[in-house]
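Student: Before I ask anything, here is the structure I am working with.
The values are calculated or read from the model by the stated rules, or taken from the named source; none is laboratory data. In this text, all values refer to a predicted model and were calculated from it rather than measured experimentally. Note that we place each Cβ from the backbone using ideal geometry, even for glycine, and neighbour counts take in every protein chain shown. Ligands, DNA and RNA are stripped out before the accessible areas are found, and what is left, the full protein with its side chains, is counted by its heavy atoms. Shrake-Rupley method; radii C 1.70, N 1.55, O 1.52, S 1.80 Å.
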Amino acid sequence: MLPKGCASLLLLLPWQLQGIQCDNCVPTRFVSTSYPKLGQLARLEGTVTLKVKIDPEGKVTEIVSSGAHRLLVENASEATRQWVFVACSSCTTGRTAIVSWKYELGGTCRTGECKTIVSFDLPHNVLVKSQVLEVNPGGR
């Protein structure tokens, strides 16, 4: 018998069978982040995909990442490591959730404090959008 809320087990790819892929892996506590300053300066953008292993209590036990530059991967992983998901007492082997962090740059700012907006489309998507510091404003 499958754990409650994890009926998608039979549709998984082989690499996903290390834990139960669960669409109901909803975070009860999630941590935001800001755009990495070096990433802004280097104008790094991209999508970080995290395969997050969750124990039965809902704590993150392991993260496997792919995509984007190392700075963005580290930023997304650090925030996601602090998330806590809904507990699943019948999931004895834990579960696996896929979380995507999309980093975008748009617009410029003239001060050292560029605006960053973080949007959550829980449970699986996060958008981190920031302005870029304008270099040499006015052509000086």
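Student: How charged is the neighbourhood of Val52? Take every other residue with its Cβ under 10 Å from the Cβ of Val52, and add Lys/Arg as +1 and Asp/Glu as -1.
Tutor: +3
Student: In Å², what does the accessible area per residue of the stretch 41-131 work out to with a 1.4 Å probe?
Tutor: 51
Student: Straight distance only, please: which lysines reach the Cα of Lys115 with their own Cα at less than 18 Å, same-chain residues fewer than 8 apart left out?
Tutor: Result set, ordered by chain and number: Lys37, Lys102, Lys129.
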